[in-house]
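Here is the structure we will look at.
What follows is calculated from the coordinates using simple rules that are stated; it is not laboratory data. What you are looking at is a predicted structure, and each value in this text was computed from that prediction instead of being measured. When we count neighbours, we look across all protein chains shown, and the Cβ atoms used for this are built from the backbone with ideal geometry, even at glycine.
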Amino acid sequence: MTDTAADPARLVALVEDDADLRASTAQLLRLAGFAVQPFADAPTALAVLDAAFPGVVISDVRMPGLSGIDLFRTLHARDAELPVILITGHGDVDMAVDALKAGVWDFLTKPFAADALIAAVERAAHARALALENRRLQALAQDRAGSALIGTSPAIRRLRDMVPTLCDADLDLLIEGETGTGKELLARLIHQGGKRRRHRLATINCASLGPALEDEILSLAGGASLVHASRGTVLLDDIDSASPRFHRLLVPVLEDRALALPGREPVPLDLRVIATAGTSDALPPALLHRLAGMRLAIPPLRARREDIAPLFAHFAQEAADRARVAVPRLVPEVQQRLEQHDWPGNAHELARFAQQFVLGLVAPESLASAASTPPPLAERVDAFEREAIIAAVRAAQGRIAGAIAALGLPRKTFYYKVNKLGIDLQALRQE
């Protein structure tokens, strides 16, 4: 009989020819929270256990037919990282020590203490889980190495599915999201996949514009003039950080798709415009309406935690390729960091961490101490507000007006917090 376990890593294959000992050991393991898959002999176990087995193997050494040592050697050839624990009699200790040198995870002598067996299985299960996680990350890195939108979250899958349509549609776009979420990357992907890809993608860093450069962009002369991007795409990066003056000057240009200067005929502009912003709240309505042929939002990593592991795998593989080294094995402290950290810098911060990990610059003890430190007050407040907003939307059955009324927030503040906290209102409505 095979138990069902919520955690595959807590599955134990128990190979023991003595029926009474097999039953008592299985009961001991079940009481410790393990799921047990019992086998009466090694050939039966070998017919089931392969490199994909997620748990731990425990086997008696002396069995009729194939011994526990034979079982270990066959399993080791299939998967050298599969933990095998051998149970031996006193006369088999020398044989077991040799097997330990060959790769057996641990061995216990009969009669063994219950706590010794449980401790050995706990350690082996933890090691098995880490080994499989390393394989999963490596597979993700290889499978998605060429993808610009990496992740399995509903928000990222939805964006990925929309990209072919967005590439073909000559539509202006506004991409919103926190710093480091990949707004510019998405904009470049859409340009490169569209009919304007043979022409220029002119990027304007709106956060660094002064009056002189603003004038040059909207003039007919100078290297920054929009006329040089004709038939291509203009990326207005961080448009929410531009000056109110630039916002005001852009409106007629986007409305007429032309540069109109005093005393001259308007010069038509054949452009697609893609703008990025942390939030659209800072944009005047006249500009927002002309920019947003369609609005896209990329949630922060803390709102789509399932994307952290594949992104980390991708960045680690990139860093390893640049350094011409292999990606190191994942250690528990790094895995804990990936699972528990909120990544306020989003993909930028995660990429730096992956590079440090690959180059051996991550000290596990520093991660362990960081994990025990409570998050800053601002992060705790954000987490509280995010849960409160989600709960209010669910309680209002997806009716945003009802959620806003229940929270007692101004409508503009509500949407500001939704964007800041990476809340997917569409997904909440679908619930």
Next item on the list: Report, in degrees rounded to the nearest 10, the 0 to 90 angle that the Cα long axis of helix 308-323 makes with the longest principal axis of the chain.
Entry: 90
Check: Helix 183-193 sits at what angle to the longest principal axis of the chain, using alpha carbons and giving 0 to 90 degrees rounded to 10?
Finding: 80
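Can you list the equivalent-ellipsoid semi-axes of the chain, largest first and in whole Å, using the square root of 5 times each Cα gyration tensor eigenvalue? Don't jump to the answer; show the numbers that get you there.
On the way: eigenvalues 686, 114, 65 Å².
Its equivalent ellipsoid spans semi-axes of 59, 24, 18 Å.
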Next item on the list: For segment 377-430, build the charge dipole from Cβ charges (+1 Lys, Arg; -1 Asp, Glu) around the Cα centre, then report which of VAL381, ALA405, TYR416 sits farthest towards its positive end.
Entry: ALA405
Checklist line | Burial order of peptide ranges 302-308, 206-212 (average beta-carbon count within 10 Å, highest first) | finding: 302-308, 206-212
Next item on the list: Working from Cα positions, state the angle (0 to 90°, nearest 10) between the long axis of helix 68-78 and the longest principal axis of the chain.
Entry: 20
Next item on the list: Run the dipole for the chain about the Cα centre, Lys and Arg Cβ at +1, Asp and Glu Cβ at -1, nothing else charged, and hand back the magnitude in debye, nearest 20.
Entry: 1680
Next item on the list: Quick one, can you get me the convex hull of the C-alpha atoms of segment 154-297 expressed as volume per residue in Å³?
Entry: 102
Notebook entry, point to check: With Cβ to Cβ distances under 14 Å as the rule, what net charge do the other residues near PHE384 carry (K, R +1; D, E -1)?
Noted result: 0
Next item on the list: Place +1 on the Cβ of every Lys and Arg and -1 on the Cβ of every Asp and Glu in segment 201-323, take the dipole about the Cα centre, and give the residue among GLY263, CYS206, GLY293 whose Cα lies farthest towards its positive end.
Entry: GLY293
Next item on the list: Mind checking the full-extension length gain between ALA116 and LEU377? Use 0.36 nm per residue of separation minus the Cα-Cα distance, one decimal, nm.
Entry: 89.7 nm
Item checked: the chain: antiparallel DSSP beta bridges as a percent of all, rounded to 5 -> 5
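I'm a student and want to see the number: the projected area of the Cα convex hull of segment 226-327, averaged over all directions, in nm².
Details: hull surface 39.2 nm².
Approximately 9.8 nm², given one-decimal rounding.
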